[in-house]
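Data first, discussion second: the structure below is written as structure tokens.
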Amino acid sequence: VTGETGCGKTTQIPQFILESLPTQSKIVVTQPRRLAATGVATRVAAERGESFTQNRNNNNQNNSQNNNNSNTVGYMVRGESRVSNTTRLLFCTTGVLLRRLQDSNTNSDNQNDPLSAITHIVIDEVHERSLDTDILLGILKQTVKRIRQQQRRGDKHVRSIRVILMSATMDADRFAGYFGKRTPRMHIPGFTYPVTDYTLEDVLSVTGYIPPKKLKNGKSRGRYYGGPRKRNAW
């Protein structure tokens, strides 16, 4: 999925998936940095009428059971997490998901596979070609291939995983070709917000300020018609 900056890829697409499958979906969205993961999770939670302020410490069982039972949005970064039993949309860093995928890739038994409950994996800002992102894409490709092989053998207990790559500047054809020729592509058009230009003359007209003129003694004097001005340290 490609789209202009500000079109709503990060905040809206995961919610569309959650609304289409409110009880069956288990969505994981990765961000390259922990600040982005916590910030986007807080934004999405606010849009859904949820908040993380009630649950300051998930290590406390009383808080996690009493205050965060209704939250469908959570996040998980190194050293901090806001996750409950009702979490359906999880924002995390690339490293957190990479470690989870590494554990599942070495486990051939689907019964103990940590990815068996996940339905959608969204990789945001995939154009940032870091080491973690490249390894993550490689493990994801192997995981999807392994699941397809198990489904072809008639294993009905294996659940399909949808992988979604999102970015504003990525080469969609290259990333789509990496996962297969039949990989669908989607582009979201952006929206240009109106911008009004103001020149220096407009600012002087609005504020009523007249630039000072230099006098013969080297001092300057200016007039100001916008009201009394207070002296400050500058």
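Read-outs throughout are calculated quantities, based only on the coordinates presented, and are distinct from any laboratory measurement. From a predicted model like this one, the values you see are computed outputs, not experimental measurements. Don't worry about glycine lacking a Cβ; one is built from the backbone with ideal geometry, like all the others, and counts go over all protein chains shown.
Observations on the model:
- The label point for residue 155 and the one for residue 135, both projected 7 Å from the Cα toward the Cβ, are 2.4 nm apart.
- Each Lys or Arg adds one and each Asp or Glu subtracts one; over the other residues with Cβ under 15 Å from the Cβ of residue 129, this totals -4.
- Ordering of 163-175, 199-211 by packing [mean C-beta count within 10 Å, highest first]: 163-175, 199-211
- If you plug the beta carbon distance of residue 35 and residue 183 into 1/(1 + (r/R0)^6) with R0 = 30 Å, you get a FRET efficiency near 0.50.
- Greater than 23 Å apart at Cα, pairs in 156/181; 26/181; 141/181; 9/156: 156/181; 26/181; 9/156
- Built from the Cα atoms of the range 115-155, the convex hull projects on average onto 3.3 nm², one quarter of its surface area.
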